[in-house]
Amino acid sequence: MRLELVDLIDKVLTSPRAELSPDALRLHKAELTAVAIEQVVRAMAAGSLAARERLPSALALCRGAPELWAQATELLELPPLWMSLAWAPQMIAMLYEPHGTVVAPLLQKLTAAYPQVIAFDCL
């Protein structure tokens, strides 16, 4: 159900013929983005492997929404660490972008828990 909501939000945000007017879309974009990120992360916390595959897309939504960075950082504490292991290389690359602050605490925890994996990704 969570991922269906994320799909619907994605449709609204990316559709050239969105149901919302451009002004309304601009007003609600941050809210819709926050909901999408939250639903992906909460689905991961519930054990959804399909949600785990959407983590990079959810993190990419943060790129244009600095007002969501603190909330996204907190949400990333919910899922078990192993759920984000596969995306360590992408998250390391994110550190070079402004929204890399979102994943920095998660990468620190991954490094403490799985040092060999993170070291291998950095080579």
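The values are calculated or read from the model by the stated rules, or taken from the named source; none is laboratory data. Note that the structure is a prediction, hence the values are computed from the model and not measured. Quick reminder, even Gly has a Cβ in these numbers, built from the backbone with ideal geometry, and neighbours come from all protein chains shown.
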* So, of the residues in region 70-103 that are out of contact with any helix residue (DSSP H, G or I) (no Cβ under 8 Å at 6 or more places or on another chain) and part of a helix (DSSP H, G or I), which turns out to be farthest from Glu53 (Cα to Cα)? -> Ala70
* To do: Starting from region 62-73, take each residue that is modelled with pLDDT under 90 and list its partners that are in a helix (DSSP H, G or I) and small (Gly, Ala, Ser), counting only C-beta distances under 9 angstrom and pairs at least six apart or across chains.
  => Cys62/Ala72; Ala65/Ala30; Ala65/Ala34; Ala65/Ala72
* To do: Take region 45-60 and flag every residue that is over 19 Å from Ile92 (Cβ atoms) and assigned to a helix (DSSP H, G or I).
  => Ala45, Leu49, Ala50, Ala51
* Asked: Can you find even one residue in region 83-99 that is among the β-branched types (Val, Ile, Thr) and more than 13 Å from the chain's Cα centre (by Cα)?
  -> yes
* Return the only residue of Ala43, Ala58, Ala65 being among the small types (Gly, Ala, Ser) and under 11 Å from the mean Cα position of the chain (by Cα). => Ala58
